[in-house]
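The values are calculated or read from the model by the stated rules, or taken from the named source; none is laboratory data. Note that the structure is predicted; figures quoted are calculated from it, not measured. Positions of Cβ are backbone-derived with ideal geometry, glycine not excepted, and every protein chain shown enters the neighbour counts.
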Amino acid sequence: MANPSSFPNDLQRAMALHQAGDIERAVAIYRQLLETAPSHPQLLFLLGSAQIQMGHAEAAVQHLTETLRLLPGQPRALCNLGVALHSLSRYDEALAAYDGAVGLTPGYATAYNNRGTTLSALGRTDDALISFDRAIALAPNYVEAHNNRGNILRLNGRPEEALAAFDRAQALNPTYVAALVNRGTVLNELARPAEALACFDRAVGLDPNNADAHCGRGPALLNLNRLDEALTSLDRALALQPDHAIAHCNRGNVLHNLMRLDEALEEFNRAIALAPDMADAQTNKGLLKLTRGELAEGFRLYEWRRKTPRGLREDRHFSQPQWTGEPLAGKTLLVHTEQGFGDAVQVCRYLPKIAALGGKVVVEARPRLLPLLASLKGDYAFVAWGTPLPGFDLHCPVMSLPLAFATTLATIPGEVPYLFADPDRRARVAQRLGPAARPRIGLVWSRGKEADDHQRSFSLAALAPLLALPFEFHSLQKDTFPADAAHPLAARLQLHGEEQNDFADAAALIDAMDLVISIDTAVAHIAGAMAKLVWILLPQPADWRFLLDRSDSPWYPTARLFRQRAAGDWDGVIAEVAECLQHHDFTAGRIA
């Protein structure tokens, strides 16, 4: 037991150790002093605060609660109690503690900052942003608050503002690694991998043992097609922190891209075991299952996409329940498109099946897609994105339709055509093109404005072996890069970008072709949905819908798949296509 006469000096010594970062020795003295003065509010407060730093949150809650019982209305004790409760995931209680602290001291910036963190954990991101803004208004140079504000802006789908917040934190403290890591994370999500890598490299330079920085390098290097380096970086992150769930998830993504699927699945499972609610890991596991043709489990897991950062930004959050396949008699169902145009084209085949269940179907889609969707057989109401919606009872995101119909490989609705060219537009295209002297081949080789998409795009120069063949070639792309348009090979192509105002125009052009050769874009999906002959050029790894190691597609019976044998090897794909094209029998109306 401590000597009561030396209590003041012992307490000062413990506080000095505490302030110097020697928490264990400080706590040992606090505990000894507590035997002498078990109801000393300051001692209880100091012990509870130190226990937070040691990770002993339960004990901290006990001592800070006792502090407040003995001496109510202490804002610092309330704030620290909030920290301890937050670490125990007792978020509602933590919020109440922070509210008490700021109620007593309206200028308490730390409490506002911590309050924002708890509001974020509760999913109240708008309220969290207000709290961080209040903290910064009270303390403009509050580095952590600027960093936390950036994280909320990222979650709220405001990435450029998030970057500005992280930049402000960095300006205030150039060695603040957390802001660098967070900035790199946003840049990864914005598909700016080179800039992201620079952030993570700087973070590693400042703190070589920062697992988060090594973890972030992984996806940046993956997106730069430096897969081996990505794997090495993630291995380093896991060596530093074996229970780093995000690193396991990122490592799974790299292994998937290396086509080491069994190992990738193990990594996703490890991530999920560590963090069962990690939406990215669940979604990526679902994509892997879909790739393997395990559609029932894959589509179930794919529902987690709506809880990923992108999904949270884009999800509609309707008050009406999601439709899961039940009868619709007397009800109105809103089907709303999401993600890319190709996804909507692929899955709109389910709309006639929905109509057969009774009820009214309202389809919401982007304006460019609506005229093409209007060719679907059935009675639907169409609404453009951004315009007022009619009343409805149930809703369903378009990519959730395969799950609602319990789709397996054997039950994919493979009947084609289900989309059709408009007769008037088709006639105008026929008049513009005139009679064909040779077979007409439509080409798509890049995704227009996504110049850095090495996985699904390549330059016009790579098509030289095809364009040397004696056919009539047409570009089916809406956009063509200036470098491609200026290339001498462009003279072998007829360009039709200016005539394509929407996808119904694209469909009319596709209908005039004898064969479509396309990378994985909306054009490939439209051609398949129209039952046109389409050869689809696929990267390694290919998108989940094209499965593994097959040249046909259960989604599009008239499609033939040409796959890279090695990641990035478009030349090999083009050579194979050119060889097949020379032997293709156009008069037979089928793929040779």
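Can you give me the number of residues within the range 140-172 that are in contact (Cβ under 8 Å) with a residue 40 or more places away in the chain and surrounded by fewer than 22 Cβ atoms within 10 Å (Cβ to Cβ)?
Residues of the range 140-172 that are in contact (Cβ under 8 Å) with a residue 40 or more places away in the chain, as a first pass: 154-157.
Right, trim to surrounded by fewer than 22 Cβ atoms within 10 Å (Cβ to Cβ) and you get 155-157.
Of the residues in that region, 3 qualify.
Test of understanding: among Gly48, Gly21, Gly73, Gly103, which residue is closer than 24 Å to Gly123 by Cα, among the small types (Gly, Ala, Ser) and out of contact with any strand residue (DSSP E or B) (no Cβ under 7 Å at 6 or more places or on another chain)? Working first, answer last.
On the way: Gly48 fails: closer than 24 Å to Gly123 by Cα; Gly21 fails: closer than 24 Å to Gly123 by Cα; Gly73 fails: closer than 24 Å to Gly123 by Cα.
Selected residue: Gly103, the only one of Gly48, Gly21, Gly73, Gly103 that is closer than 24 Å to Gly123 by Cα, among the small types (Gly, Ala, Ser) and out of contact with any strand residue (DSSP E or B) (no Cβ under 7 Å at 6 or more places or on another chain).
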Hey, Pro465 surrounded by fewer than 23 Cβ atoms within 10 Å (Cβ to Cβ), out of contact with any strand residue (DSSP E or B) (no Cβ under 9 Å at 6 or more places or on another chain) and either assigned to a helix (DSSP H, G or I) or of a type in the set (D, E, K, R) (or both) or not: yes
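Within the range 544-555, identify whether any single residue is outside any loop (DSSP other than H, G, I, E, B), buried (at least 17 other Cβ atoms within 10 Å of the Cβ) and not charged (D, E, K, R), and answer yes or no. Even if it seems obvious, please write down each step before you answer.
Applying the first criterion (outside any loop (DSSP other than H, G, I, E, B)) to the range 544-555 yields 544-546.
Filter once more, keeping what is buried (at least 17 other Cβ atoms within 10 Å of the Cβ): 544-546.
This time we only want the ones that are not charged (D, E, K, R), so: 544, 546.
Yes: the range 544-555 contains one or more residues that are outside any loop (DSSP other than H, G, I, E, B), buried (at least 17 other Cβ atoms within 10 Å of the Cβ) and not charged (D, E, K, R).
Please go through the range 134-158 and pick out each residue that is small (Gly, Ala, Ser) and part of a helix (DSSP H, G or I). Full working, then the answer.
Step one: of the range 134-158, the residues small (Gly, Ala, Ser) are 135, 137, 139, 145, 150, 157.
Hits for the range 134-158 are Ala135, Ala137, Ala145, Gly150.
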Of those in the range 323-348 that are of a type in the set (S, T, N, Q) and surrounded by 14 or more Cβ atoms within 10 Å (Cβ to Cβ), the residue modelled with the lowest pLDDT is Gln339
Name the residue that is modelled with the lowest pLDDT, counting only residues in the range 494-514 that are surrounded by fewer than 21 Cβ atoms within 10 Å (Cβ to Cβ) and hydrophobic (A, V, I, L, M, F, W, C). Leu495
Just give me the residues in the range 519-541 being surrounded by fewer than 22 Cβ atoms within 10 Å (Cβ to Cβ) and either without any contact (Cβ under 8 Å) to a residue 40 or more places away in the chain or touching a Leu at 6+ places or on another chain (Cβ under 7 Å) (or both), in sequence order. Leu533, Leu538
Residues of the range 546-592 being within 28 Å of Gly298 (Cβ to Cβ), modelled with pLDDT of 95 or more and among the acidic types (Asp, Glu), in sequence order, are Asp552
When the range 504-525 is checked residue by residue, the ones that are under 14 Å from Val429 (Cβ atoms) and in a helix (DSSP H, G or I) are Ala504, Asp505, Ala506, Ala507, Ala508, Leu509, Ile510, Asp511
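Could you say whether any residue in the range 416-428 is in a helix (DSSP H, G or I) and either in the same structural domain as Lys532 (by TED's automatic domain parsing) or under 30 Å from Arg292 (Cβ atoms) (or both)?
Quick first cut of the range 416-428, residues in a helix (DSSP H, G or I) only: 423-428.
Then keep just the ones that are either in the same structural domain as Lys532 (by TED's automatic domain parsing) or under 30 Å from Arg292 (Cβ atoms) (or both); that gives none.
There is no residue in the range 416-428 that is in a helix (DSSP H, G or I) and either in the same structural domain as Lys532 (by TED's automatic domain parsing) or under 30 Å from Arg292 (Cβ atoms) (or both).
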Report, by residue number, each residue of the range 437-462 that is among the hydroxyl-bearing types (Ser, Thr, Tyr) and either surrounded by 17 or more Cβ atoms within 10 Å (Cβ to Cβ) or at pLDDT 95 or above (or both). Ser446, Ser457
Counting only residues that are small (Gly, Ala, Ser) and modelled with pLDDT of 95 or more, which one in the range 411-429 is nearest to Ala531 (Cα to Cα)? Ala421
Count - residues of the range 343-400 that are farther than 18 Å from Glu314 by Cβ, part of a loop (DSSP other than H, G, I, E, B) and among the small types (Gly, Ala, Ser): 7
The number of residues in the range 108-126 that are surrounded by 20 or more Cβ atoms within 10 Å (Cβ to Cβ) and part of a loop (DSSP other than H, G, I, E, B) is 1
Taking the criterion of being under 42 Å from the mean Cα position of the chain (by Cα), crowded, with 20+ Cβ neighbours inside 10 Å and either at pLDDT 85 or above or more than 25 Å from Ala128 (Cβ to Cβ) (or both), would at least one residue in the range 38-47 satisfy it? no
Looking at (1) in contact (Cβ under 8 Å) with a residue 24 or more places away in the chain; (2) on the phi < 0 side of the Ramachandran plot, can you tell me which one Gly568 breaks? (2)
Cβ pairs under 8 Å, 6+ apart, first in the range 207-227 and outside the structural domain of Pro539 (by TED's automatic domain parsing), second surrounded by 24 or more Cβ atoms within 10 Å (Cβ to Cβ) and basic (Lys, Arg): Gly218/Arg251
Wholly within the range 251-328, helices (runs of 4 or more DSSP H) carrying at least 3 residues that are in contact with a helix residue (DSSP H, G or I) (Cβ under 6 Å, 6 or more places away or on another chain): 261-274, 279-291, 295-302
Criterion: assigned by TED's automatic domain parsing to the domain that holds Pro470, out of contact with any Lys or Arg (no Cβ under 6 Å at 6 or more places or on another chain) and assigned to a strand (DSSP E or B) - qualifying residue of Leu581, Leu561: Leu561
Failed criterion for Gly386 (all others in (1) surrounded by 14 or more Cβ atoms within 10 Å (Cβ to Cβ); (2) without any contact (Cβ under 8 Å) to a residue 12 or more places away in the chain hold): (1)
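Hey, among the residues in the range 269-301 that are among the β-branched types (Val, Ile, Thr) and out of contact with any Cys (no Cβ under 9 Å at 6 or more places or on another chain), which one's farthest from Leu547 (Cα to Cα)?
Narrowing the range 269-301 to residues among the β-branched types (Val, Ile, Thr): 272, 283, 291.
Narrowing further to those that are out of contact with any Cys (no Cβ under 9 Å at 6 or more places or on another chain): 283, 291.
Numbers: Thr283: 17, Thr291: 5 Å.
Restricting to residues being among the β-branched types (Val, Ile, Thr) and out of contact with any Cys (no Cβ under 9 Å at 6 or more places or on another chain), the top hit is Thr283.
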Take Pro72 and tell me if it is not in a helix (DSSP H, G or I) and not polar (S, T, N, Q). yes
Thr175 fails exactly one of the following numbered conditions: (1) out of contact with any Asp or Glu (no Cβ under 7 Å at 6 or more places or on another chain); (2) part of a helix (DSSP H, G or I); (3) in contact (Cβ under 8 Å) with a residue 12 or more places away in the chain. What is the number of that condition? (2)
